[in-house]
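Structure first, commentary second.
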Amino acid sequence: MLTDTQLKSIAYEMFHSPNPPSSIDAGYTYLGQMISHDIVPSTKLGSMSRKVSGRLDLESLYGSGALYELQFPLDSHLLFKPDGTFKKLAKRDVYRPRKGLQKAVIPEIRNDENVIICQFHRLFQDLHNRLLRDEEFAANGLQARQYTTLLFQLIVIEDFLPKILNQNVYKQYFENNVRCLEGLVNHPKISKIRQSIIPSFFSHASFRFGHSMVLKQYHFDFDNNVHQLGRLMRPNKKLSKKFEFLWEKFFSTKEDQDGPAEENPNKAASIDTAITKQMANLDLIYAKRDIVSLNINAAYEIGLPDGEEFIDFLTEEYGEKVVEGFLGITRLNDLSDAAFEDVEGVTPQNLPLWLYILLEAKQREGGEKLGPLGSALNAEVLVEAMQQATFSVYTHNKFQFADAIKKLGPKLEEIKFIKERKINMINLINFIQS
């Protein structure tokens, strides 16, 4: 276990190291946050949040009510109109009906923490409403919920994960349908959080890679309208027009961006051991520790194994042929490329799992994707979360694209970007806005 002095030194180096851009559009940082908020309970002490099942069911959007009824923890009449569509008062904001108190009427309050994730939440409400607008797509609110959830899962598999996961790991899990670490999520030696199916290695380490992708500032339009990260943290406040961004600034509309940078989407920071200094300042608003110390101490408090210890556990349980042979998971030899490379006493052998995964991404993938260990842990949990969902793109625990889109109904299945298997965020946004 690292000492407090070492943790402070690590945090300082992480916050004061170069934070270079990746080739990943910045929108995927916040799509990842929305995925996390859907399946991972809040880990902040004293936070008020809904009951989180751990299934990728979009309960963050719809609530955790009865499976086959549009019932929600908060009264359904506050969230929905009689026709089953989400209520709205503004162009891009979520529903805030109360004067004075501007609290959002949404099941997942974390989706109102910043103006970007708030607009992602609203986008999928708009998808639900778009499906109900044409009866040929969805006949009622329940059917719209089903199709919205399935499309969200397809975005995760077809668009988000190919950009984030190691290519070989992605192929094993989503092309070959092989769960190399099957049983890990429910392994008796793996701790869970708050009775959720989500294991602590995911909530406290492997899916926290997104912290390194956050930028210190974002361009919201093509007129150089730039906002510092700190200004975007506006919970319980109406979304003013100046914070409405163009989706084209968060997701690419073309394969190659050869023009000036201001004409292209924001690019997420690399997945590595550098974190923008603005993240440290933000977290101090809510806690006495910076986000680096907070993440590592949270893992220590629940007894989460360090990186090498976790690889030893996987090798013992699944064998070297699976861990190293199929997945390509190998130990890190040194701390080269780590922001904290020169911190005394820190080695690969005592590196917390979260930092180990960030460094693996830098050393093995140049910060463009997660490495094999981080990829396998996240793939295993997300497959489980989708297989357990009430509405799932999986059939008999297998993902086949042709079978998945048949669940969308005959009319939606024939939409061009779905039929041609070009399921990505910008095509989905264009459909919603059509």
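The values are calculated or read from the model by the stated rules, or taken from the named source; none is laboratory data. This is a predicted model, so every value here is computed, not measured. Note: ideal-geometry Cβ built from the backbone for every residue, glycine included; neighbour counts use all protein chains shown.
Could you please let me know if Arg234 is in contact with a Phe, Trp or Tyr (Cβ under 8 Å, 6 or more places away or on another chain), modelled with pLDDT of 95 or more, over 19 Å from Leu327 (Cα atoms) and basic (Lys, Arg)?
No, not satisfied.
Is the range 28-40 home to any residue that is farther than 26 Å from Leu428 by Cα, touching a Gly at 6+ places or on another chain (Cβ under 9 Å) and modelled with pLDDT of 95 or more?
no
Just the residues that are under 25 Å from the mean Cα position of the chain (by Cα), under 25 Å from Ala338 (Cα atoms) and small (Gly, Ala, Ser), please, taken from the range 1-43.
Ala11, Ser17, Ser22, Ser23, Ala26, Gly32
Of the numbered conditions (1) in contact with a Lys or Arg (Cβ under 7 Å, 6 or more places away or on another chain); (2) within 27 Å of His187 (Cα to Cα), Phe401 satisfies every one except a single condition; which is it?
Just one mismatch for Phe401, condition (2).
In the range 215-255, which residue that is in a loop (DSSP other than H, G, I, E, B) and of a type in the set (Lys, Arg) is surrounded by the fewest Cβ atoms within 10 Å (Cβ to Cβ)?
Checked the range 215-255; the qualifying residue surrounded by the fewest Cβ atoms within 10 Å (Cβ to Cβ) is Lys254.
Criterion first (modelled with pLDDT under 95 and over 17 Å from Gly210 (Cα atoms)) does Lys321 satisfy it?
So Lys321 fails the test.
Any residue at all in the range 278-301 that's at pLDDT 90 or above, of a type outside the set (Phe, Trp, Tyr) and assigned to a loop (DSSP other than H, G, I, E, B)?
no
Taking the criterion of being touching a helix residue (DSSP H, G or I) at 6+ places or on another chain (Cβ under 6 Å), loosely packed, with under 15 Cβ neighbours inside 10 Å and among the polar types (S, T, N, Q), would at least one residue in the range 334-345 satisfy it?
Taking every residue of the range 334-345 in turn, none turns out to be touching a helix residue (DSSP H, G or I) at 6+ places or on another chain (Cβ under 6 Å), loosely packed, with under 15 Cβ neighbours inside 10 Å and among the polar types (S, T, N, Q).
Can you go through Glu182, Glu175 and tell me which one is at negative phi and in contact (Cβ under 8 Å) with a residue 40 or more places away in the chain?
Glu182
With the checklist (1) small (Gly, Ala, Ser); (2) assigned to a helix (DSSP H, G or I); (3) under 18 Å from Leu359 (Cα atoms) in hand, flag the one item Ala339 doesn't pass.
(2)
Taking Lys8, is it surrounded by fewer than 20 Cβ atoms within 10 Å (Cβ to Cβ), at pLDDT 90 or above and either within 28 Å of Lys163 (Cβ to Cβ) or of a type in the set (Lys, Arg) (or both)?
Considered against the rule, which asks whether it is surrounded by fewer than 20 Cβ atoms within 10 Å (Cβ to Cβ), at pLDDT 90 or above and either within 28 Å of Lys163 (Cβ to Cβ) or of a type in the set (Lys, Arg) (or both), Lys8 comes out as yes.
Is it the case, given these coordinates, that Thr395 is more than 30 Å from His16 (Cα to Cα) and at pLDDT below 95?
Answer is no for this residue.
Could you go through the range 246-262 and let me know if any residue there is modelled with pLDDT of 90 or more and at positive phi.
No: the range 246-262 contains no residue that is modelled with pLDDT of 90 or more and at positive phi.
Only one of Asp57, Asp93, Asp112 is crowded, with 17+ Cβ neighbours inside 10 Å, at pLDDT 85 or above, under 24 Å from Leu428 (Cα atoms) and over 20 Å from the mean Cα position of the chain (by Cα). Can you tell me which?
Step by step, each of Asp57, Asp93, Asp112 is checked, and only Asp93 is crowded, with 17+ Cβ neighbours inside 10 Å, at pLDDT 85 or above, under 24 Å from Leu428 (Cα atoms) and over 20 Å from the mean Cα position of the chain (by Cα).
Please return the ranges of helices (runs of 4 or more DSSP H) entirely within the range 364-434 where 1 or more residues are in contact with a Cys (Cβ under 8 Å, 6 or more places away or on another chain) and buried (at least 21 other Cβ atoms within 10 Å of the Cβ).
372-387
Against the conditions (1) under 24 Å from Lys192 (Cβ atoms); (2) modelled with pLDDT of 95 or more, where does Ala338 fall short? Just the number, please.
(1)
Which residue is surrounded by the fewest Cβ atoms within 10 Å (Cβ to Cβ), if the candidates are limited to the range 346-363 and must be in a loop (DSSP other than H, G, I, E, B) and not hydroxyl-bearing (Ser, Thr, Tyr)?
Out of the qualifying residues, it is Val346.
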